[in-house]
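To start, the structure under review is shown below, and the notes come after it.
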Amino acid sequence: MSLRWPPPRTVRLRLTLWYSGLFLVSGAALLTVTYLLVLRALIGPTAANALCAAPGRDGSGCHVIGAQQARAMALQDYGTVLHELLTRSAIALALMAVLSIALGWFVAGRALRPLRTITAAARRISATSLGERLALGGPDDELRELGDTFDALLARLETSFRAQRQFIANASHELRTPLARQRVISQVALADPGATAGSLRAAHERVLAGGAEQQQLIDALLTLARGQAGLPQREPFDLAAVTGQVITARRAEADEKQLTLHTVLAPAPMAGSSRLAERLAANLLDNALRHNLPGGRVDVSTGTRDRRAVLAVANTGPVVPPAAVDRIFEPFQRLAADRVSRGEGFGLGLSIVHAIAEAHGASIVARSQPEGGLLIEVAFPG
């Protein structure tokens, strides 16, 4: 195994150098202060003392020396002791510095152990193993918070991947159904030895109807993708005017289904994509017209509340279980038992509504009404 030089500057190495450097600086400062205190204790009292050459009764052999001379003589007397103190202190400091490097390396490794766990998990976890979690233990500190945040990220990714797989499966099913129908119609028409121009024409018309159904589904998927892509730019417009155009285009359908269409369109200025807002209003109104009862009612209103443009669509119809309200905005979700029944759409209408609302930063609330039907309210930011 080859050694890398210079060694990689890992976080553990940098922390060890920081620990050791701080200890070395603190130890040197402590030894310096200690040395100066000892020096002052030994030399300070000798200043201005009397120096006696030999003992005498009358004290004539003593004379007073100056401070500098006293310090010089004290340094000469205690020089060996001070040098020994300084030498041994330096040796002790060097030994403790080496010990601090070892202890710093160990402490840094213990402190960074959760990071190594997170790194190993990030390398190990893939799209097929998003169910794994770190579940870090230990004190409730920053590293524990980082581990919990990583677990939350994995949970969101797992949910997103699961929803994506479910979406692909549902989209494949929805596209396969008309394709299989077209193939069967074509095979039956070709296998009929007594086929006439009229029967072949009818079969061809049914194939075209299946193609139109596929086109509608693909258009809905493209609209959903555009809504989820966000808004490249925003333009000011009146939500009431956009909603009014949608109502005008669908009033004949409401009359055909014997539904009362009641509107209250107050000005609701906002900024965003008028085209996507029109699709949102159209899908809400289509959903209210489709899931209704003969002689029922659809209420559409726009206005402002707390400086937010609000669009509300309420309809009569079958009772919606409160537990089912949360999943009506998911792709390919239908409340009907027959998920591929004709005339009930593809289950993408409210998913598109939700995607467009998110692209605009709008909040969307759906509530089931006790007498039946739904109330869906979208509040756009001002």
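For this structure, a couple of remarks:
- Accessible surface comparison of MET270, MET96, probe 1.4 Å, protein chains only, largest first: the order is MET96, MET270.
- Charge sum, other residues only, whose C-beta stays under 9 Å from LEU134's C-beta, Lys/Arg counted +1 and Asp/Glu -1: -2
- Close amide H pairs (under 5 Å, H built 1.01 Å from N) link PHE332 with LEU348, residues at least 5 positions away or on another chain.
- Electrostatic tally near ALA152: other residues with Cβ closer than 14 Å to its Cβ, Lys and Arg +1, Asp and Glu -1, net -2.
- Amide proton proximity set for GLY272, modelled H, under 5 Å, gap of 5+: GLU235, PHE237
- Sites LEU375 and ARG251, calculated FRET efficiency, Cβ-Cβ separation with R0 22 Å, nearest 0.05: 0.60
- Residue-level accessible surface for LEU115, protein heavy atoms, 1.4 Å, Å²: 60
- Amide proton proximity set for THR263, modelled H, under 5 Å, gap of 5+: VAL300
- Computed 3J(HN,Hα) for the stretch 80-88, one whole-Hz value per residue from the Karplus formula 6.51 cos²θ - 1.76 cosθ + 1.60 where θ = phi - 60°, is 5, 5, 5, 5, 5, 4, 5, 5, 5, glycine and proline marked x.
- Positive minus negative residues near ARG367 (Lys, Arg vs Asp, Glu; Cβ under 15 Å): -3
- The charge dipole of the stretch 250-301, taken about its Cα centre with unit charges on the Cβ of Lys, Arg, Asp and Glu (plus for the first two, minus for the last two), comes to roughly 80 debye.
- Probing with 1.4 Å while keeping every protein chain in the model, the per residue accessible area of the stretch 254-326 equals 50 Å².
- Summed over the residues of the stretch 79-137 and divided among them, the accessible surface reaches 66 Å² per residue at a probe radius of 1.4 Å.
- Per-residue SASA entry for HIS354, accessible area with 1.4 Å probe, Å² rounded to 10: 60
- Applied to the stretch 139-155, the Karplus parametrisation 6.51 cos²θ - 1.76 cosθ + 1.60 on θ = phi - 60° returns per-residue 3J(HN,Hα) values of x, 7, 10, 5, 5, 5, 5, 5, x, 5, 5, 5, 5, 5, 5, 4, 5 Hz, with x for Gly and Pro.
- Cut-off 13 Å (backbone N to label point 7 Å along Cα→Cβ of ASP141), residues of the stretch 94-131: 107-115
- Inter-label distance, nm, simple model (7 Å from Cα along the C-beta direction), THR263/SER172: 4.3
- Accessible-area composition of the stretch 224-317, carbon plus sulfur, in percent [1.4 Å probe]: 48
The values are calculated or read from the model by the stated rules, or taken from the named source; none is laboratory data. Predicted model only: the values in this text are computed from it and were never measured. Every residue, glycine among them, receives a Cβ derived from its backbone with ideal geometry; neighbour counts consider all protein chains shown. Surface accessibility is based on the protein's heavy atoms, side chains included, excluding ligands, DNA and RNA. Shrake-Rupley method; radii C 1.70, N 1.55, O 1.52, S 1.80 Å.
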